[in-house]
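One structure is given here, and the rest of the page talks about it.
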Amino acid sequence: MNNTEIKDLMAQFDQSSLREFSYTNEGVQLVFSKNEHKPEPTAPVVAPVAVSETVVAPQVDTTPAPTTGAILDAASEGTVVESPLVGVAYLSPSPDKPAFVSVGDTVKQGQTVMIIEAMKVMNEIPAPCDGVVAEVLVANEDVIEFGQGLVRIV
């Protein structure tokens, strides 16, 4: 593949509605992405401390901060609906329509909770069980990975 073909492919990708594109041929791989990658938050690094018999290391409180609201308290439990594929999440059927589900909504098994677009195919994601939506774990138009949590149902 020569530079002109690559530039033409880049221009076509730039004008398309695709968010990511990957092409591999004869050991050459091209990957284009319009997604903004935010740096992952990192945990602070704590240097190890030598402890002698006379020195006691301070205790660090590792309990999570309490959350407010019964729904948020229940969010640590329940069933997480995981993504069966890689794609772009859409929380509503179209931009001018309301979301399929919101926090606090009651859902029935099989009810659509969102759509994931993969290769221009809209895949409905059903609720695996009856319950109440405790948490929506993704935002509209987020790029979703396989196995990523989408919605928590309690």
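Just so you know, all these numbers are worked out from the coordinates, no wet-lab data involved. Note that this is a predicted model, so its numbers are computed, not measured. When we count neighbours, we look across all protein chains shown, and the Cβ atoms used for this are built from the backbone with ideal geometry, even at glycine.
Each residue in 141, 117, 77 was given a count of other beta-carbon atoms within 10 angstrom of its own, and listing them fewest first yields 77, 141, 117.
Rounded to whole numbers, the Karplus 3J(HN,Hα) couplings from phi for segment 87-92 are x, 10, 7, 10, 7, 9 Hz, using 6.51 cos²θ - 1.76 cosθ + 1.60 with θ = phi - 60°, and x at Gly and Pro.
Excluding residues fewer than 8 places away in the same chain, name every one of the aspartates and glutamates whose C-alpha is closer than 18 Å to that of residue 34. Correct list for residue 34: 8, 14, 20, 117, 141, 142, 145. Given R0 = 30 Å, the distance between the Cβ atoms of residue 30 and residue 82 translates into a calculated FRET efficiency of 0.55.
Sorted ascending by nearby beta carbons within 10 Å, beginning with the fewest, 22, 92 become 22, 92. Ranking of 125, 6 by neighbouring Cβ atoms within 10 Å, starting from the fewest: 6, 125.
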